Each structure stands twice: as C-alpha cells, then as structure tokens.
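The values are calculated or read from the model by the stated rules, or taken from the named source; none is laboratory data. Quantities reported herein were computed from a predicted structural model and do not represent experimental measurements. Quick reminder, even Gly has a Cβ in these numbers, built from the backbone with ideal geometry, and neighbours come from all protein chains shown.
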Amino acid sequence: MAYSARLRKAVGAVRATLSAVELCDVQAPEFAQHGDHAVAADAPLVLVACSGGRDSMALAAVSHIVCTSMGVRCGAVIVDHGLQAGSEQVASEAADRCHALGLGPVILRNATVQARGEGLEAAARQARYDELCAAAHESGAIAVLLAHTMDDQAETVLIGLLRSRGVDALAGMPQVFTRSGATFARPLLTLTRAETTGICEDLGVEYWDDPTNGDAVDGELPNDYPLRSRVRHDLLPAIERFAGFNVTRHFAESARLARMDKEYLDQRSDEVMGEAVAAVDWPASSAAVST
C-alpha cells in the first residue's frame, strides 16, 4: 500500500513522539530489521485515547502501524461519559473499530461526571483524565496518546485568552506531560483536522461526529453549545475571514514558541530559587528536626 503524504506525515509525527517519551529505547532489536515480526505479549504497551471521532480513529490507525513496526503493543482506552443519549453505543462502536484495526487491549471505562462550580465541560474533562490515568496504571501502559490536532491547539489558545492572561494562555497544550503518574503525549499537534479526516479516508476507517461540535448547524451556534465548539464553529472562521490567512497554523506556531518560553522561564526560576536557598546561611536551629 502506498502511503499518502498526510499519512507519511502522521507516521513520522507518532514515531517522533514515541521517541520523546523514550519508547524507541525499548524497541526489540529484530524490529530494526526488515521483515515480519510478531509483537511479544509482554512488550511495552501504548494506549490511544479514543472517542470514535475522526482525529482519534486516525491516531489509533497510525499508532498501530508505528507501534507494530517497533515491537510495541498498541491498545486503546475509550471513556463513556454518559452525557449524551446513545453514548454507550458510540463507545461500543469505537471499541469495535479499534479491534478491527488490530489494537489490543481495548479498554472501555465509564466516567462519573459531577459538575460543580467549574462547569460541565471541566468536570467531564477531569472525569475523563481520571479514567485514562486509571487505565494506564492498571494496564501498565508506558504512555497514553491523545489525538489533539493543530486545530485543537489554535482553539485552546483562543479559549485561554478568553479565560485568562499571560504566557500560560498563549502556551496552549504541551506535547508531552505527566498527570497522576501517567505519561500523556499528543503526536498530532502538527497535523490539521483536514489531514486526520483524509487519513481516515485513505485507510477506510469509519468515525463518529459528535453532534455537540455543531458541524451540522447553519449560522452561529447557540450559547448552550460548549465553548470549544463555538470557538471552532464561529470564532476561528470569523478571524480567518478578517485576517485573510490561515490563523490556525499561526496560533498553533505561536503556542509552540510560547510553550518553549514558558518551560525555559519555569526551569530558570526553579534554578534561581534553588541557588538562593543554598546561598542562605541558615541558623542551625532552623535545620533541626524534632523527634
């Protein structure tokens, strides 16, 4: 099978991300050679967080290709939030598609969403991460891959600017991070949603479109739609029409640069604080530990 340019790009992005979480260090030697090799049952495991949407189904398909070539097991974890009618069926169909792609294990988890002061979106996100972390720990997965794209990064920057200020708002989402002891990575931040859609078409992978995204709605979305959906459906297209160029790529690249600045400033502030503490001639009594 000849790979399209977008599929080759995605394969390279996933491989580079696995290198960032040091998975290439555990590649079995025989997988560095050409030929067919079976992935060992006890090989390291990577999980793909899969909603059944186009982005996560594209990531699942590409991750399976890459992991299989490295001798790494590739599974999926699907979280059913139970917030929409038919969500159980959507989760089941996503699991079936992951099985059909060859992923294993495929883990289904049910989240309990309890919205308090932070709102339903934030509560659902917290519940989802709780389940993803639990799945990673219980399965022994080295990393969980998330399917956020360049479009998601641009939306995150705009949402950050609407809700807060400063470099944190501009920095968007990190490519690799740790939460509750689990490692997460976002391989697709350099790919657009159009490219993930095309990858699904290239590979014949079916996907589900979340109705809360508002793709089928003509005109502006009502205020009761999620903020991210309204930014995606209304705000970003309006800014692009006004600017006359691809602001999605512009915002995503700005986030990458701001993230580098933020990480450098955080590192230097930690170093300076450590140097300042070490330079103080603390009284002996302050260092004493009572027993």
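Taking the stretch 79-128 as the search range and keeping residues that are touching a Ser or Thr at 6+ places or on another chain (Cβ under 7 Å) and outside any loop (DSSP other than H, G, I, E, B), which one is surrounded by the most Cβ atoms within 10 Å (Cβ to Cβ)? Give the derivation first.
Of all residues in the stretch 79-128, those touching a Ser or Thr at 6+ places or on another chain (Cβ under 7 Å) come to 80-81, 94, 105, 107, 127.
Of the ones still in play, those that are also outside any loop (DSSP other than H, G, I, E, B) are 80, 94, 107, 127.
Working: Asp80: 21, Ala94: 26, Ile107: 22, Ala127: 21.
Only one residue fits best here, namely Ala94.
Has the stretch 179-188 got at least one residue that is surrounded by fewer than 21 Cβ atoms within 10 Å (Cβ to Cβ), out of contact with any Lys or Arg (no Cβ under 7 Å at 6 or more places or on another chain), among the polar types (S, T, N, Q) and within 20 Å of Leu45 (Cβ to Cβ)?
There is at least one residue in the stretch 179-188 that is surrounded by fewer than 21 Cβ atoms within 10 Å (Cβ to Cβ), out of contact with any Lys or Arg (no Cβ under 7 Å at 6 or more places or on another chain), among the polar types (S, T, N, Q) and within 20 Å of Leu45 (Cβ to Cβ).
Quick one: in the stretch 52-71, of everything that is outside any helix (DSSP H, G or I) and at pLDDT 95 or above, which residue is surrounded by the fewest Cβ atoms within 10 Å (Cβ to Cβ)? Give the steps one after another, and end with the answer.
First pass over the stretch 52-71, keeping only residues outside any helix (DSSP H, G or I): 52-53, 71.
Then drop every residue that is not at pLDDT 95 or above, which leaves 52-53.
Values: Gly52: 23, Gly53: 20.
Taking the candidates together, the pick is Gly53.
Give the residues of the stretch 140-172 that are surrounded by fewer than 17 Cβ atoms within 10 Å (Cβ to Cβ) and either outside any loop (DSSP other than H, G, I, E, B) or at positive phi (or both), sorted by residue number. Even if it seems obvious, please write down each step before you answer.
Filtering the stretch 140-172 for residues surrounded by fewer than 17 Cβ atoms within 10 Å (Cβ to Cβ) gives 140, 161-168.
Answer for the stretch 140-172, where residues must be surrounded by fewer than 17 Cβ atoms within 10 Å (Cβ to Cβ) and either outside any loop (DSSP other than H, G, I, E, B) or at positive phi (or both): Gly140, Leu161, Leu162, Arg163, Gly166, Val167, Asp168.
Mind listing whichever residues of the stretch 1-51 are of a type outside the set (Phe, Trp, Tyr), surrounded by 11 or more Cβ atoms within 10 Å (Cβ to Cβ), in a loop (DSSP other than H, G, I, E, B) and modelled with pLDDT of 80 or more?
Within the stretch 1-51, Ser4, Val39, Ala40, Ala43, Pro44, Cys50, Ser51 meet the criteria.
Cβ-Cβ below 8 Å, separation at least six or inter-chain, first residue in the stretch 95-117 and closer than 15 Å to Arg73 by Cα, second part of a helix (DSSP H, G or I) and among the β-branched types (Val, Ile, Thr): which pairs?
Here the result reads Gly102/Thr68, each pair linking the stretch 95-117 to a residue that is part of a helix (DSSP H, G or I) and among the β-branched types (Val, Ile, Thr).
Would you confirm, using the coordinates I've provided, whether Leu103 is within 18 Å of Pro226 (Cβ to Cβ), touching a strand residue (DSSP E or B) at 6+ places or on another chain (Cβ under 8 Å), modelled with pLDDT of 95 or more and not polar (S, T, N, Q)?
Details: within 18 Å of Pro226 (Cβ to Cβ): no; touching a strand residue (DSSP E or B) at 6+ places or on another chain (Cβ under 8 Å): yes; modelled with pLDDT of 95 or more: yes; not polar (S, T, N, Q): yes.
For Leu103, the condition - within 18 Å of Pro226 (Cβ to Cβ), touching a strand residue (DSSP E or B) at 6+ places or on another chain (Cβ under 8 Å), modelled with pLDDT of 95 or more and not polar (S, T, N, Q) - is not met.
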